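Below is one structure, written out as structure tokens; comments come after it.
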Amino acid sequence: MATITVGTASAQEMNKKPGNTHLPSTTQELKKLATLDQGTYQYSVSDYFQKPTKSSFEFSPDGKYISFKEKDENGKSHVYVKNTKTNKITKVIEEKKELIRGYGWVNNEKLIYIMDNGGNENYHLFAVDIDGKNNKDLTPYENVTVQFLNGLKEQPEYIIIAMNKDNPQIFEPFKINVNTGATEKLYENKDLSSPIDNYYFDKDGKLRAFKKQHNAVNYILYYRANENEEFKPLKETTWKDEFDIMEFTYDKDNPHLAYLQSNVDSDKTEIVLFDLAKNKKIKTVFKNKNYDVDGLSRSRKRNYEIDYFSYNGEKNNIIPKSKTYKKLHKKFLKEFGDKSFYIQSTTDAEDKYLIMVTSDKLYGKYFLYDVNSDSFKELINLMPQLKENDMAEMRPIKYKTRDGLTIHGYLTIPKNASKSNKVPLIINPHGGPYGVRDSWGFNPETQLFASRGYATLQVNYRGSGGYGKEFFLAGNKQIGRKMLNDLEDGVAFAKDLDFIDNDKVAIYGGSYGGLATLGSLVKTPDLYTCGVDYVGVSNLFTFFNSFPAYWKPYLGQVYEQWYNADSEEDQKIMKEVSPALNVEKIKKPLFVVQGANDPRVKIGESDQIVENLRDRGVDVPYMVKYNEGHGFGHEDNRIELYTYMMGFFAKHLK
């Protein structure tokens, strides 16, 4: 399921905007709030949240070109292509009103990219030639969203996508010609009672398998040995199990072998080799006893040999496998030391690699490694204004909850924090909530907070992903309950440290993290000094009723994970844990932030919490942006948000 993350105007204009347009605070009111963050700081809010001048580098498949985004003086990030031999640079995609949400190479002559409308997540797919010509909307449909499924290296004019074009509740696969936009539906997903949830294509674009819902909470994997046969059920699991095809092996002696992610026979997700024709696990290829394994990288050039595995533990871990990559990995370790590094792009010939290098104190640098010359070249420091030595440490931590569960997380510590200089603490629960987790690395939010003298604790509470099935399922029906206990126990853990000001603890989160913020202010009104709710759920009843159409097939899972709106027993709990229905218990200051076009957490979720609190006479600053959705993507909006947030924290924590 998808992750659950003012000036004056005429009456006619205001009526066109979503939500109650009388509720948002004026720009003047928010700017006044921002002035409360007074101090001589080495770095501005903009230093942390401006977009990099250049970013998103990628090689063309043949390596003759390198593409990248470059920001102009108005904060717009256009896509450029550079000829690596002549150094000629061409603007290929111009970012105008709408943000370019993602782009990539589809072949040596063409790029594809996606855009939506104001953050509504109804993505359209576009294609454009590398000279900027023939820019075409390949999916010109209203109220339809596109998902990328497969590139087809052997058929460079085509890709496979999924769309909910013929029924808003379900996605069907289409083969689309990136030159003409001609589409071919590859399979019908017409059983609304048991819709197909996932499609598995091979490198030749053949549909080999799909996963279908059954009884709303179970899944059946179907497979066919060849295109002349019918799909047959292979294995039935529940939503609680992981059993997904990652890639086919392309073994000439056995075309039915595939690598799967599975925790059917284990607590932690493993990578297994599976014979789909015989419905038989051959062996476990890679596992880790403490964490779920989720990464597999292979070489197309070397007959799909496995290069490395990866998993996210306290930090990201790469485990070399092939002789070729072991040699590369050794060079990378020597060059980049203890920093994290990721291969962002490579040529088909595997003679050039684009490597992103990062850490908790380094936003990111791009390096080019040339295999033939065995040389590294730094291409760009994405945020040169942020000096590593000035940044704060992000420390992996763990603690026991009151019921004996081990919780992992990260603590970002201001440089001046000490026993004699205790600092306020911000608890920052991640969104989701299920299957998502916080990770080690550069975080502009926690670095900004540290620069203003606040420590930040990020908690991977029960239900978070990456720590095994038992930990994941421990979050079932614990929203507003034990999930919040985990945060409270995190506060207790932090208070035992000798550099935290125990009387100044804030809570801030986005999406589910916003719900956790509101829920915490209701459940433990004396624990937190203040809170910031960013695109957060406030009322489970209205939230469930406002799901996008393509979330409807997952209601069975929602009712088992969250709560069942049709159960009298669960309805009682939903009332207890819906902050908008319990605003009389909120005693501490609150700042609410919302994107007006959010399709996941509709603006009504924020409107009702603000309205209900103001009806009680509580002053609630409320920031709404009418060109944003589930989180702010525009640079100017992000900078404004954190400028106002720093004013709010300064008012209540300093």
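The values are calculated or read from the model by the stated rules, or taken from the named source; none is laboratory data. All values derive from a computational prediction rather than experimental measurement. Using ideal geometry, Cβ is built from the backbone for each residue, glycine included, and neighbour counts are taken over all protein chains shown. Heavy atoms of the whole protein, side chains included, go into the accessibility calculation; ligands, DNA and RNA do not. Shrake-Rupley method; radii C 1.70, N 1.55, O 1.52, S 1.80 Å.
Conditions first: (1) closer than 26 Å to residue 197 by Cβ; (2) in a strand (DSSP E or B); (3) among the hydroxyl-bearing types (Ser, Thr, Tyr). Residue 103 passes all but one, so which condition is the exception? (1) is the only condition that residue 103 fails. On the given criteria, is residue 437 within 27 Å of residue 357 (Cβ to Cβ), open to solvent by 20 Å² or more (accessible area, probe 1.4 Å) and of a type in the set (D, E, K, R)? Yes. Touching an Asp or Glu at 6+ places or on another chain (Cβ under 8 Å) and surrounded by 17 or more Cβ atoms within 10 Å (Cβ to Cβ): is that true of residue 69 in this structure? Judged against the criteria, residue 69 is not a match.
Scanning the stretch 22-32 for residues that are open to solvent by 20 Å² or more (accessible area, probe 1.4 Å) and within 31 Å of the chain's Cα centre (by Cα) yields 26, 27, 31.
Note on the stretch 442-502: enclosed helices (runs of 4 or more DSSP H) holding 1 or more residues that are buried (at least 20 other Cβ atoms within 10 Å of the Cβ) and small (Gly, Ala, Ser) are 444-451, 482-495.
What is the residue count in the stretch 33-74 for residues that are in a loop (DSSP other than H, G, I, E, B) and either β-branched (Val, Ile, Thr) or within 28 Å of the chain's Cα centre (by Cα) (or both)?
Here is the first cut: in the stretch 33-74, the residues in a loop (DSSP other than H, G, I, E, B) are 35-44, 50-53, 60-64, 72-74.
Now drop any that are not either β-branched (Val, Ile, Thr) or within 28 Å of the chain's Cα centre (by Cα) (or both), which leaves 35, 40, 43-44, 50-53, 60-61, 72-74.
Counting residues in the stretch 33-74 that are in a loop (DSSP other than H, G, I, E, B) and either β-branched (Val, Ile, Thr) or within 28 Å of the chain's Cα centre (by Cα) (or both) gives 13.
Being in contact with a helix residue (DSSP H, G or I) (Cβ under 6 Å, 6 or more places away or on another chain), at positive phi and assigned to a loop (DSSP other than H, G, I, E, B), is that true of even one residue in the stretch 75-85? Yes, because at least one residue in the stretch 75-85 is in contact with a helix residue (DSSP H, G or I) (Cβ under 6 Å, 6 or more places away or on another chain), at positive phi and assigned to a loop (DSSP other than H, G, I, E, B).
For the stretch 33-45, give me each residue that is open to solvent by 40 Å² or more (accessible area, probe 1.4 Å) and closer than 30 Å to residue 91 by Cβ.
Here is the first cut: in the stretch 33-45, the residues open to solvent by 40 Å² or more (accessible area, probe 1.4 Å) are 35-36, 38-42, 44.
Scanning the stretch 33-45 gives a single hit, 44.
Considering only residues in the stretch 636-654 that are at pLDDT 95 or above and open to solvent by 30 Å² or more (accessible area, probe 1.4 Å), the one that is nearest to the chain's Cα centre (by Cα) turns out to be 638.
Among the listed residues 502, 564, 539, 545, identify the single one that is more than 21 Å from residue 586 (Cα to Cα) and either among the hydroxyl-bearing types (Ser, Thr, Tyr) or in contact with a helix residue (DSSP H, G or I) (Cβ under 8 Å, 6 or more places away or on another chain) (or both).
Details: 502 fails: more than 21 Å from residue 586 (Cα to Cα); 539 fails: more than 21 Å from residue 586 (Cα to Cα); 545 fails: either among the hydroxyl-bearing types (Ser, Thr, Tyr) or in contact with a helix residue (DSSP H, G or I) (Cβ under 8 Å, 6 or more places away or on another chain) (or both).
Only one candidate qualifies: 564.
On the stretch given as the stretch 584-604, residues that are open to solvent by less than 20 Å² (accessible area, probe 1.4 Å) and either touching a Phe, Trp or Tyr at 6+ places or on another chain (Cβ under 6 Å) or under 21 Å from residue 651 (Cβ atoms) (or both) total 7.
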